[in-house]
Amino acid sequence: MKTISVLVTSDVHGYIMPTDFSGELNLPLGLGKLATVIEKERDNNPVLLIENGDFIQGSPLTYYEQTFAKGRENYVIRLANALNYDLAVFGNHDFNFGLPVLRNAVEQSNFPC
């Protein structure tokens, strides 16, 4: 019997670092921490990695990208590509910056949306 692990992220909201403004330092947040979990799981089993929405909006990084660096590389998508996501589903907040921004993110993705 072969095991396939299905890993799903949701409501990442553009956070790469485990950022929380409450002052707590050891939080289970951010793609940076998830990268380690994903890598460890891939060492044990084949992985299907899915993003479940609200991925490209919400953090200071995503605000900066869409306010001051509009149209450039989307760093959250760049990291998702590096993590080898298999597919993504749009969440309601992925539309917050408008369809041109969402289309740009889709075009930069190495996975279907």
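Across the range 76-85, coupling constants 3J(HN,Hα) worked out from phi with the 6.51/-1.76/1.60 Karplus curve, θ = phi - 60°, read 5, 5, 4, 5, 4, 4, 5, 7, 6, 4 Hz, and Gly and Pro carry x. Our summary gives the chain a relative contact order of 28 percent, counting only alpha carbon pairs under 8 angstrom and 6 or more residues apart.
Within the accessible area of the chain, the carbon and sulfur atoms contribute 56%, probe 1.4 Å, all protein chains present. The tail of the calculated P(r) for the range 50-101 beyond 17 Å holds 32 percent of all Cα-Cα pairs.
Binning all Cα-Cα separations of the chain at 5 Å, short to long from zero, yields these whole-percent fractions: 2, 12, 22, 24, 19, 12, 7, 2, 1, 0, 0. Rolling a 1.4 Å probe over the protein heavy atoms gives the chain an accessible area of 61 Å² per residue. With a cut-off of at most 11 other beta carbons within 10 Å, and DSSP calling the residue loop, which GluC sites (Glu not before Pro) in the range 40-113 qualify? Please list them. Passing sites in the range 40-113 are Glu73.
The values are calculated or read from the model by the stated rules, or taken from the named source; none is laboratory data. These numbers were taken from a predicted model, which means no experiment stands behind them. Glycine also receives a Cβ, built like all others from the backbone with ideal geometry; neighbour counts cover every protein chain displayed. Side chains included, ligands, DNA and RNA excluded: accessible areas come from the protein's heavy atoms. Shrake-Rupley method; radii C 1.70, N 1.55, O 1.52, S 1.80 Å.
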